[in-house]
Amino acid sequence: MVNDGSTKEYDKYFEQIKSKVIVLKHAVNLGKGRALKTGFNEYLKKFENKAGVITVDSDGQHKVNDIKKVSKKLVELGDTLILGSRNFDDKNVPFKSKYGNKITRAIFSFLTGVKVKDTQTGLRGIPTKYIKTLMNIPGERFEYEMNMLMYTKNDNINIEEEEIETVYIQENKSSHFNPLTDSLRIYLIFLKYIFASAISFVIDISLYKLFFNIFINTMVTYAITIATVLARIISSFINYKINKNTVFKSSTKSSIIKYYILCIIQMFISAGLVSYIFNLIGQNGEVIIKIIVDIILFFINFKIQKEWVFKKGGK
């Protein structure tokens, strides 16, 4: 058990259980992610020959029988991350928790490709073989558990869900999860991607307009295609460097080749759709059309970059 900087008034409770469990203590609150890593480290030092670790939150929302179910499944499967997943359609689930979790689940699934019912469950069975890997995942607070799920896809870690009872005490007032600040931490990679894309997007649109004005009077038929190609060559390299080094932090050697394969395909799809719509509705508004088309391609592009271009383990 990890005492993550609790105040002195709770010391008596930790003293009562010291004879039965190992109690680790942080002098100050360091966050849930760091507390889990502290526990993992102690486990590897003393029990690395066991099947794995069961993580349980201390807010009273996990029943003993459910902990046993997750433990049994962990032992049975051996090399699979087990999630104790709650049913958010239960009548006793508070409104904020019900829809907050459903929205997070939907967005998380779309952007990462990892489909689980409960992204924020603290009841998990983690096989010993994956603990060192998971200890190196970034995150010191609530975002760590979400990061753990994100990295399972890149590290080829299987996930199995075990349905557990959905328990909320006093409308979940005991939870320290802050929907605003902790969601920002959870989706930091997506925010970085948006920021990087925004920079290159402004460069791309500005250069596109410049080149379009240059070629529209001399090469009317091909002006959109030429402007798109020249603008994308410049903006794409800037975007590649930011995504590789800041967003996905990839060391994959072939990423630049994959990136430009994707870039070329997207470029011609963008040019083709913009040209088609431009000729369909009339000879004006080409920039607005391009913005709309590229916003749609933006979401598709994120998934392809994360799951193929900058995928961890690539050569």
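No lab work stands behind these numbers, since they all come straight from the coordinates. Note that this is a predicted model, so its numbers are computed, not measured. With ideal geometry, Cβ positions are generated from the backbone for all residues, glycine too; neighbour counts draw on all protein chains shown.
Data overview
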| quantity | calculated |
| --- | --- |
| Calculated [θ] (222 nm, deg cm²/dmol) that DSSP helices of n ≥ 4 give over the chain, each run adding -39,500 (n - 2.57) | -18500 deg cm²/dmol |
| Given charges at beta-carbon only (K, R positive; D, E negative), |dipole| of the stretch 191-315 in Debye | 820 |
| The chain, relative contact order [Cα under 8 Å, separation at least 6], % | 16 |
| Sorted by Cβ neighbour density within 10 Å, fewest at the top, the residues Glu160, Glu48, Glu145 | Glu48, Glu160, Glu145 |
| Fewest-first sequence of Tyr13, Tyr43, Tyr240 by Cβ atoms within 10 Å of each Cβ | Tyr13, Tyr43, Tyr240 |
| Under-5 Å amide H pairs with Asn3, H placed in peptide plane, nonlocal only | Leu24, Lys25, His26 |
| Packing-based ranking, highest mean first, of 78-90, 206-218 given that Cβ atoms within 10 Å are counted | 78-90, 206-218 |
| Contour minus Cα-Cα distance for Ile22 and Glu160 (0.36 nm per residue) | 46.9 nm |
| Whole-Å distance, taken between Cα centres, linking the stretch 122-166 and the stretch 36-50 | 15 |
| Reachable aspartates and glutamates, given that their alpha-carbon falls under 17 Å from the alpha-carbon of Lys18 and they are not under 8 places away in the same chain | Asp4, Glu9, Glu42 |
| Across Lys37/Lys132; Lys37/Lys115; Lys73/Lys117, pairs whose alpha-carbon gap is larger than 19 Å | Lys37/Lys115 |
| Convex hull projection area averaged over all views, the stretch 52-185, Cα basis, nm² | 7.6 |
| The chain - charge dipole about Cα centre, Lys and Arg +1 at Cβ, Asp and Glu -1, debye rounded to 20 | 720 |
| Segment Glu307-Ile265, length gained on full extension (0.36 nm per residue, minus Cα span) | 13.5 nm |
| Stretch gain in nm, segment Asp89-Val202, where the contour uses 0.36 nm per residue and the Cα spacing is subtracted | 36.4 nm |
| Rel. contact order, % - alpha carbon contacts under 8 angstrom, at least six apart, the stretch 73-140 | 43 |
